[in-house]
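Derivation of every value follows stated rules applied to the coordinates shown; laboratory data play no part. Note that this is a predicted model, so its numbers are computed, not measured. Cβ sites come from the backbone with ideal geometry, for glycine too, and all protein chains shown count toward neighbours.
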Amino acid sequence: MPRPALRSKAQKRKKLKTPGHQKVIHYWRKKPSKAHCASCKKPLQSIPRLRPAKMKKTDKTARSVNRLESGRYCAKCLQKQIKQSVWQSPGL
């Protein structure tokens, strides 16, 4: 029987046959879902689907796009918000 941490359905399982001809089950965490835009709910591009521990090990430039609010909004929604903030600001 697997240890208690591996008994949940949060683990992906795969039945394998070892070189010694034993059938074993290997467990690993499921891949996380894609990051989504906060306003339109579309999946964000160029943000990897990694668990937090592996995300820390990647380069900072690989984690997000070089843009304001890059991990929160897609490019179109961010462009709309910037335009709205410019047009709604009081005249100087």
Rounded to whole Hz, the Karplus (6.51, -1.76, 1.60) HN-Hα couplings of the range 4-16, x for glycine and proline:
x, 5, 8, 7, 7, 7, 6, 9, 7, 10, 9, 7, 10
Show me, for the range 48-53, the HN-Hα J-couplings you get by feeding each phi into the Karplus relation (A = 6.51, B = -1.76, C = 1.60, θ = phi - 60°), rounded to Hz, glycine and proline as x.
x, 8, 10, 6, x, 5
Please arrange Tyr73, Tyr27 by counting, for each residue, the other beta carbons lying within 10 Å of its beta carbon, fewest first.
Tyr27, Tyr73
Any chance you could run the full-extension gain for Arg3 through Ile82? It's 0.36 nm times the residue separation minus the Cα-Cα distance, nm to one decimal.
23.3 nm
One finds the C-alpha centres of the range 55-87 and the range 7-45 to be spaced, in Å, by 27
Can you list the residues, at least 5 places off or on another chain, whose amide H is less than 5 Å from the amide H of His36, using H built in the peptide plane?
Leu44
If N is the number of residues in the chain, what value comes out of its Cα radius of gyration divided by 2.2 N^0.38 Å?
1.73
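For Ala53 and Asn66, calculate 0.36 nm times their separation in residues minus their Cα-Cα distance, and state this gained length in nm to one decimal.
2.5 nm
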Output the 0 to 90 degree angle, nearest 10, between the alpha-carbon long axis of helix 75-88 and the longest principal axis computed from the alpha carbons of the chain.
30
